[in-house]
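Report on the structure given below.
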Amino acid sequence: MLIPDEKRLPSQTHASLLDAYLARRDALRGFYRARLGPQADVEDLVQDLYEKIAGLQPQAARNPAALLYRVAYNHMLDWLRRGRRSRARDEAWRQARQPAPSQPEAAGEPDAEATLIARQRLERVAQALRALPSRTQEIFRLHKIEGLSYGETAHRLGLSKKTVEKHMSAALAHLFAEVER
């Protein structure tokens, strides 16, 4: 519960929340793992929580540890909601790409024309990627080809997660525009 506290300066209070985070980082991993299971990307969640806390406006808190766990719990709920939305979006995409019942199922290898079209499209993607700035290319490669999360990509390159998101958004918009024209 947040309360005004005239005895503490806002920067001290903010520091106490960060101190609570640093003192309980391992416990937070266990907190997330116990609620989300071993398959959850706990390290990303703990890192994202730090970024969230670091970005909070300083406020007086009677119990910084309790506030920390409340923020962690809400962060976990947001993560779960994003996962559900992502899975629903992916399923809708798969459903939209399935052949209609009246269309015959594809069997064997694609015909020569489909192969040529796919190769041309792949070449347009490669050209569009080469046209991107080198930093954006590197971020795209790490995230889409090597499979790193935005947080892992940001950490590896010494950038903020928001910067990685902006680069990825620009890269995808560029690729879509170039390939679809």
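The values are calculated or read from the model by the stated rules, or taken from the named source; none is laboratory data. These numbers come from a predicted model, not from an experiment. A quick note on method: Cβ atoms are made from the backbone with ideal geometry, for glycine too, and the neighbour counts reach across all protein chains shown. Heavy atoms of the whole protein, side chains included, go into the accessibility calculation; ligands, DNA and RNA do not. Shrake-Rupley method; radii C 1.70, N 1.55, O 1.52, S 1.80 Å.
For this structure, a couple of remarks:
- Leu172 vs. criteria among the hydrophobic types (A, V, I, L, M, F, W, C), at negative phi and open to solvent by 50 Å² or more (accessible area, probe 1.4 Å): yes
- Restricting attention to the stretch 145-171, the residues that are outside any loop (DSSP other than H, G, I, E, B) and in contact (Cβ under 8 Å) with a residue 12 or more places away in the chain total 14.
- Selection count, the stretch 62-84, where residues are buried (at least 16 other Cβ atoms within 10 Å of the Cβ), closer than 21 Å to Ser149 by Cβ and not hydrophobic (A, V, I, L, M, F, W, C): 1
- Pairing residues of the stretch 15-37 that are over 22 Å from Arg81 (Cβ atoms) with residues that are among the small types (Gly, Ala, Ser) and part of a helix (DSSP H, G or I), at Cβ distances under 6 Å and at least 6 apart in sequence or on separate chains, gives Ala20/Ala65.
- Taking the criterion of being open to solvent by 50 Å² or more (accessible area, probe 1.4 Å), touching a helix residue (DSSP H, G or I) at 6+ places or on another chain (Cβ under 9 Å), closer than 25 Å to Ser149 by Cβ and part of a loop (DSSP other than H, G, I, E, B), the residues of the stretch 14-61 that qualify are Arg24, Asp41, Leu56.
- In the stretch 131-144, the residues that are in contact with a helix residue (DSSP H, G or I) (Cβ under 9 Å, 6 or more places away or on another chain) and assigned to a helix (DSSP H, G or I): Ala131, Arg135, Thr136, Gln137, Glu138, Ile139, Phe140, Arg141, Leu142, His143, Lys144
- Meets criteria (open to solvent by less than 100 Å² (accessible area, probe 1.4 Å) and either at pLDDT below 85 or closer than 30 Å to Leu17 by Cα (or both)) for Pro133: no
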